[in-house]
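> Following this message is one structure expressed as structure tokens.
The values are calculated or read from the model by the stated rules, or taken from the named source; none is laboratory data. No experiment lies behind these values; they were computed from the predicted model shown. Note that we place each Cβ from the backbone using ideal geometry, even for glycine, and neighbour counts take in every protein chain shown.
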Amino acid sequence: METRGEIVTREDLLLFINACFAATAQREFYDAPADGNTAHQDTLTFLHQYVCGNYRTFYARTLACSVNDFAKTRIVQTLLATGKETPPAFRAEENALLRSATRSLPPQRAYKLFAALRTANINNRRARAVVRDYLAARADATFDAVKYRSKVRAAATHAHLRLPGEMGAFLWGDHAKTRFQTPLFETFRQARYAKEAVYRLPYTVAEGLAIKHGIPRAVFLSGIAPNMTKGERERLLRSAGDAGVVLSADLSRMPLTRLALYALSLPLAEREARREELDAALRGAARRALRQAPLDLPPNGTIAAVLDDSYSASGSEEKRRRPLAIALGVHYLLCEAAPERYKPFWCNGTASGDPIFVIARGSTDLATPLVHALETHPALVLIVSDGYENDPPGAVHALVRVWRERLDPAHVTAFIHANPVFAADEYAPRPLSPLVATLGVRDAETLAVPLAFARFVGTSEFAALDGFLRDRAAGFVEKE
């Protein structure tokens, strides 16, 4: 049995991990516009300081739990700022987790982290080593020096680094007086003075120079298209079309949530015209996600999903349609994970005929689809919702309570609530019922990790949680 201290620790850790899955300090649908992101920032600052100060070992091992990049950078920065508090016996593991976590970040996130270290005046030996090791491990340091020139320069300056080859002269030298042997460096130098050289640069570098040279947007996008990365093409599909430029992107390689966001951004008429293409791409993305992280589902029985397509699923201005995209992504994940056993139940029925045509509208009536889901006597009910149930409020809790007390006293049916929205006033994603485990989720393709934590919610398994985090940390470090 757990001690009282272990119960508190387990609950604190699960609260924090859920926040790290869902929270990005961006405004959510129900947040007051006047508050901006202040409430989220204050809540997250408290959570990180509290957990780091009281459970440092667990706090560091959270880096291995597929938390979102925003949380990962916050954890790395907090650990680097408080290195004196690291237990000597844990220092080697914490250092390894810091290196692995930093290398796992997208480059723009990593350089933003280094800028935050500089702003916060965190410049101890370990912080400098993290920056040094990251830059040394980059597969194409020359590309980074061009694409993130000011950020690389600031990081190298802050960490007191000596850079190899021509990189130092490129970052700090006078380009008007220096010719470079490194082709990409020389191309960048020439592009400052010649329009034609702009089109031989990476898109994000060339974009600023195109504005400087006064190149029209449509002309620039047409010329630079061959140099765009897969991610850049995906992000520019809609805006390029508005500029009159047709960009093609390989939907068969797009991550599941990003693909769902793209599909939902299309008008219904275009979705209908491309229905087979979009459906095939979403199914393929779900299969790829499952190969990377299979879902731990009950081996027998129906898998029912209650999916929220109410108006609040349209998200905020900063996270447009993200809750709805995660619901759509989870639908396709379950379609591929348990095709013979899976049954979807949408909140407002906008996708009753075909999920490709789902739209966010209406009030949040979760009770009706939950009743239909329970009629199948499922082994698992997965509810994907922001937790703001209003038609009527509290109905999910009442239904689950009656189901447990009268119809399923043996708890054959498991209930899990996957919530993509962080509620600052709750310090966690908003729950629907104390009888339902609520898990934060940032991307549909990472659902497997939150589901793995479901068994630790409301149980007496502190030792199992400790072992789980220890194993995740060991595998994370070895993978790097």
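> Name the pairs: first residue in region 15-28 and of a type in the set (Lys, Arg), second residue surrounded by fewer than 24 Cβ atoms within 10 Å (Cβ to Cβ), Cβ to Cβ under 7 Å, at least 6 apart or on different chains?
Filtered contacts from region 15-28: 27/36; 27/37; 27/316; 27/318.
> Going through 387, 394, 440 one at a time, which residue ends up being touching a residue at least 40 places away in the same chain (Cβ under 8 Å) and either charged (D, E, K, R) or on the phi > 0 side of the Ramachandran plot (or both)?
Result: 387 is the single residue among 387, 394, 440 that is touching a residue at least 40 places away in the same chain (Cβ under 8 Å) and either charged (D, E, K, R) or on the phi > 0 side of the Ramachandran plot (or both).
> Tell me which of these residue 438 doesn't satisfy, since it passes every other one: (1) in contact with a helix residue (DSSP H, G or I) (Cβ under 6 Å, 6 or more places away or on another chain); (2) buried (at least 24 other Cβ atoms within 10 Å of the Cβ); (3) farther than 15 Å from residue 307 by Cβ; (4) not aliphatic (A, V, I, L, M).
(1)
> Looking at region 98-139, which of its residues are in a loop (DSSP other than H, G, I, E, B) and either among the aliphatic types (A, V, I, L, M) or under 23 Å from residue 66 (Cα atoms) (or both)?
Residues satisfying the conditions are 105, 106, 120, 122, 138, 139.
> Output the number of residues of region 264-297 satisfying the condition of being surrounded by 19 or more Cβ atoms within 10 Å (Cβ to Cβ) and small (Gly, Ala, Ser).
Residues flagged as surrounded by 19 or more Cβ atoms within 10 Å (Cβ to Cβ) and small (Gly, Ala, Ser) within region 264-297 amount to 4.
> Filter region 76-100 for residues that are hydrophobic (A, V, I, L, M, F, W, C) and in contact (Cβ under 8 Å) with a residue 40 or more places away in the chain and give the result.
76, 80, 81, 96, 97, listed by residue number.
> Considering only residues that are closer than 22 Å to residue 78 by Cβ and not in a loop (DSSP other than H, G, I, E, B), which ones fall in region 140-172?
Matches in region 140-172: 151, 154, 155, 158.
A quick yes/no check of all residues on (1) part of a loop (DSSP other than H, G, I, E, B); (2) over 24 Å from residue 272 (Cα atoms):
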{"site": "294", "(1), (2)": "yes, yes"}
{"site": "313", "(1), (2)": "no, no"}
{"site": "324", "(1), (2)": "no, no"}
{"site": "329", "(1), (2)": "no, no"}
{"site": "362", "(1), (2)": "yes, no"}
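> Still on this model: Going residue by residue through region 12-19, is there one that turns out to be touching a Gly at 6+ places or on another chain (Cβ under 7 Å) and either under 27 Å from residue 311 (Cα atoms) or not in a loop (DSSP other than H, G, I, E, B) (or both)?
Scanning region 12-19 turns up at least one residue that is touching a Gly at 6+ places or on another chain (Cβ under 7 Å) and either under 27 Å from residue 311 (Cα atoms) or not in a loop (DSSP other than H, G, I, E, B) (or both).
> Taking the condition of being under 14 Å from residue 346 (Cβ atoms) and either modelled with pLDDT under 95 or not in a strand (DSSP E or B) (or both), how many residues in region 364-390 meet it?
Number satisfying all stated conditions: 11.
> Here is a further query. Can you tell me which residue within region 133-149, out of those that are hydroxyl-bearing (Ser, Thr, Tyr) and within 26 Å of the chain's Cα centre (by Cα), is nearest to residue 185 (Cα to Cα)?
The residue in question is 148.
> Please identify the pairs in which a residue from region 415-428 that is without any contact (Cβ under 8 Å) to a residue 40 or more places away in the chain has its Cβ atom under 8 Å from the Cβ atom of a residue that is assigned to a helix (DSSP H, G or I) and hydrophobic (A, V, I, L, M, F, W, C), counting only partners at least 6 apart or on another chain.
Matching pairs, first to second residue: 415/400; 416/451; 416/454.
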